[in-house]
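Presented below is the structure to which this report refers.
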Amino acid sequence: MRLYPEQLSQHLKAGLAPCYLVYGDEPLLKLEAIDSLRAAARTQGFEERHAFSADQSLDWDAIFDASQSLSLFSQRQIIELQLPEKLDKTASERIRELCGLCHPDLLLLVSAPRLNQAQQKSAWFKALAAAGPTVTVNTPDARHFPRWLEQRLHRYGLRAEPDALRWLVYAFEGNLLAAAGEIEKLALLELPQPLTLSGLQDIVQPQHHFNPFQLLDPLLQGKIKRSCRILLQLRQEGIEAGMLCHILARELAMLIELQLALQDGQHFQQAVAQHHIWSSRQPLVQAALARLPLDKLTQLQAMLAAADQALAEFDDEQAWRWLYSLCVGFFDATPLTIMP
């Protein structure tokens with residue numbers, strides 16, 4: 001069973017499963033999900049807790065010893081295991097063994113970073129998923145972040161006018177920790193409800209944050225204003241232009257290869273399967289291919305090469321200008337007038 005953080009409280013009303021895997025890249029949601037599982041476990045008598053990190057120094061036998069020995073003061077215990085980004089063969093095998101030891105008096109709580117498709121098809125992931133629910137904790141994207149904010153405000157007895165909510169989305173997108181802290185402060189201020197745009201702008205300091213990969217989806221969607229905003233914010237946050245060039249080069253190469261495959265008569269689903277594109281991203285990729293012909297993609301690739309050349313000549317300013325122009329070029333099929 002796959003759960004999302006907002007579903008966890010309802011799930012726990014029916015009782016605890018013997019095992020949970022909480023994985024993803026959003027620190028606030030991960031921390032809250034794990035805390036809610038611990039709290040539910042405490043109410044059901046899980047008072048003893050053992051925590052382990054699956055790094056190279058881990059003594060796996062210590063986990064198995066802990067899972068099989070109950071103290072005089074506790075009849076139920078939690079085994080927590082934090083996984084690294086990659087697992088070796090030994091770790092994979094021991095996790096599968098550990099899943100087989102789950103019983104009503106032992107709660108296995110495993111946390112992991114964001115997992116790719118290959119990792120989610122691995123034997124150790126399948127073993128954990130068979131033993132209990134998996135909880136995905138990723139940063140809400142631009143479509144879901146307003147709903148997350150609205151639910152968070154409601155939790156603290158707050159409401160916001162539509163303009164005020166949109167401004168909060170702008171102010172804290174990609175930074176849930178800051179948003180959660182700001183909402184707690186707003187609750188303490190006992191402001192008139194609903195919160196207004198002018199009222200928030202007077203007391204709230206924007207703290208939005210983006211990672212480089214968040215630039216890709218709006219580019220595929222042709223949302224140029226948003227793409228340029230993210231690009232400028234990334235620059236302000238100190239992200240290197242070279243990193244963006246590397247990410248964009250992979251994306252453009254993938255789009256060009258897909259466009260060539262479609263021109264050769266290959267079906268879209270077959271083409272994206274060969275590139276291992278996540279099903280959630282396939283509609284974005286398909287929309288971009290419908291909007292950007294091969295000639296336009298080739299032009300964009302030439303602009304990216306110009307940005308790379310500028311970096312090689314230590315001209316960061318020129319490289320950022322090329323990246324900005326490249327973002328604008330994703331808008332439609334119109335040929336570019338500024339070319340290297």
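Please specify each residue of region 246-284 satisfying the condition of being within 21 Å of K121 (Cβ to Cβ), among the β-branched types (V, I, T) and touching a residue at least 24 places away in the same chain (Cβ under 8 Å).
Answer for region 246-284, where residues must be within 21 Å of K121 (Cβ to Cβ), among the β-branched types (V, I, T) and touching a residue at least 24 places away in the same chain (Cβ under 8 Å): there is none.
Search region 113-137 for residues being open to solvent by 20 Å² or more (accessible area, probe 1.4 Å), in contact with a strand residue (DSSP E or B) (Cβ under 9 Å, 6 or more places away or on another chain) and assigned to a loop (DSSP other than H, G, I, E, B), and hand back the single one that is farthest from R94 (Cα to Cα).
R114
Among the residues of region 302-316, which ones are open to solvent by 80 Å² or more (accessible area, probe 1.4 Å), assigned to a helix (DSSP H, G or I) and over 19 Å from I230 (Cβ atoms)?
If the condition is that a residue be open to solvent by 80 Å² or more (accessible area, probe 1.4 Å), assigned to a helix (DSSP H, G or I) and over 19 Å from I230 (Cβ atoms), then Q309 is the only one that fits.
Considering A290, A333, which residue is open to solvent by 40 Å² or more (accessible area, probe 1.4 Å), more than 18 Å from H246 (Cβ to Cβ), touching a Lys or Arg at 6+ places or on another chain (Cβ under 8 Å) and not aromatic (F, W, Y)?
A333
Which one of Q44, Q68, Q56 is in contact (Cβ under 8 Å) with a residue 24 or more places away in the chain, open to solvent by 40 Å² or more (accessible area, probe 1.4 Å) and under 27 Å from T90 (Cα atoms)?
None of the others qualify; the one that does is Q68.
Yes or no, residue by residue, for (1) more than 30 Å from L244 (Cα to Cα); (2) outside any helix (DSSP H, G or I):
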position: Q151; (1), (2): yes, no
position: A164; (1), (2): yes, no
position: V169; (1), (2): no, no
position: Q193; (1), (2): yes, yes
position: H209; (1), (2): no, yes
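Do the conditions hold for F331, that is, is it touching a residue at least 60 places away in the same chain (Cβ under 8 Å), assigned to a loop (DSSP other than H, G, I, E, B) and either of a type outside the set (S, T, N, Q) or within 16 Å of E251 (Cα to Cα) (or both)?
yes
Mind telling me which of the residues L83, L98 ends up being touching a residue at least 24 places away in the same chain (Cβ under 8 Å), within 29 Å of Q151 (Cβ to Cβ) and open to solvent by less than 70 Å² (accessible area, probe 1.4 Å)?
None of the others qualify; the one that does is L83.
Quick one: is V110 outside any loop (DSSP other than H, G, I, E, B), open to solvent by less than 20 Å² (accessible area, probe 1.4 Å), in contact (Cβ under 8 Å) with a residue 40 or more places away in the chain and touching an Asp or Glu at 6+ places or on another chain (Cβ under 9 Å)?
Yes: the conditions hold for V110.
Which one of these does E26 not meet: (1) open to solvent by less than 70 Å² (accessible area, probe 1.4 Å); (2) farther than 12 Å from L107 by Cβ; (3) over 19 Å from the mean Cα position of the chain (by Cα)?
Result: E26 fails condition (3) only.
Can you tell me how many residues within region 144-174 are within 15 Å of Q207 (Cα to Cα), open to solvent by 40 Å² or more (accessible area, probe 1.4 Å) and modelled with pLDDT under 90?
The number of residues fulfilling the criteria is 1.
Of the conditions (1) open to solvent by 80 Å² or more (accessible area, probe 1.4 Å); (2) closer than 19 Å to R229 by Cα, P212 fails just one. Which one is it?
Of everything listed in (1) open to solvent by 80 Å² or more (accessible area, probe 1.4 Å); (2) closer than 19 Å to R229 by Cα, P212 misses just condition (1).
Quick one: count up the residues across region 243-262 that are small (G, A, S) and within 22 Å of the chain's Cα centre (by Cα).
Residues that pass the stated criteria total 1.
Of all residues in region 247-269, count the ones that are open to solvent by 80 Å² or more (accessible area, probe 1.4 Å) and in contact with a Pro (Cβ under 6 Å, 6 or more places away or on another chain).
Of the residues in that region, 0 qualify.
Inspect region 151-159 for any residue being within 24 Å of P5 (Cβ to Cβ) and among the small types (G, A, S) and give the result as yes or no.
yes
What's the number of the condition R42 fails, among (1) assigned to a helix (DSSP H, G or I); (2) modelled with pLDDT under 90?
With respect to (1) assigned to a helix (DSSP H, G or I); (2) modelled with pLDDT under 90, R42 is out only on (2).
Quick one: which residue in L215, L232, L220 is of a type outside the set (F, W, Y), over 15 Å from G174 (Cβ atoms) and modelled with pLDDT of 90 or more?
Among L215, L232, L220, only L220 is of a type outside the set (F, W, Y), over 15 Å from G174 (Cβ atoms) and modelled with pLDDT of 90 or more.
Within region 238-245, is there a residue that is open to solvent by less than 10 Å² (accessible area, probe 1.4 Å), within 20 Å of P293 (Cβ to Cβ) and touching a helix residue (DSSP H, G or I) at 6+ places or on another chain (Cβ under 8 Å)?
The answer is no, given that none of the residues of region 238-245 is open to solvent by less than 10 Å² (accessible area, probe 1.4 Å), within 20 Å of P293 (Cβ to Cβ) and touching a helix residue (DSSP H, G or I) at 6+ places or on another chain (Cβ under 8 Å).
When the residues of region 86-95 are narrowed to those that are open to solvent by less than 80 Å² (accessible area, probe 1.4 Å) and of a type outside the set (S, T, N, Q), which ends up nearest to Q44 (Cα to Cα)?
I95
The values are calculated or read from the model by the stated rules, or taken from the named source; none is laboratory data. Since we're looking at a predicted model, the values are computed, not measured. For neighbour counting, all protein chains shown are included, and Cβ atoms are generated from backbone atoms with ideal geometry for every residue, glycine included. Only protein heavy atoms, including side chains, enter the accessible area calculation; ligands, DNA and RNA are left aside. Shrake-Rupley method; radii C 1.70, N 1.55, O 1.52, S 1.80 Å.
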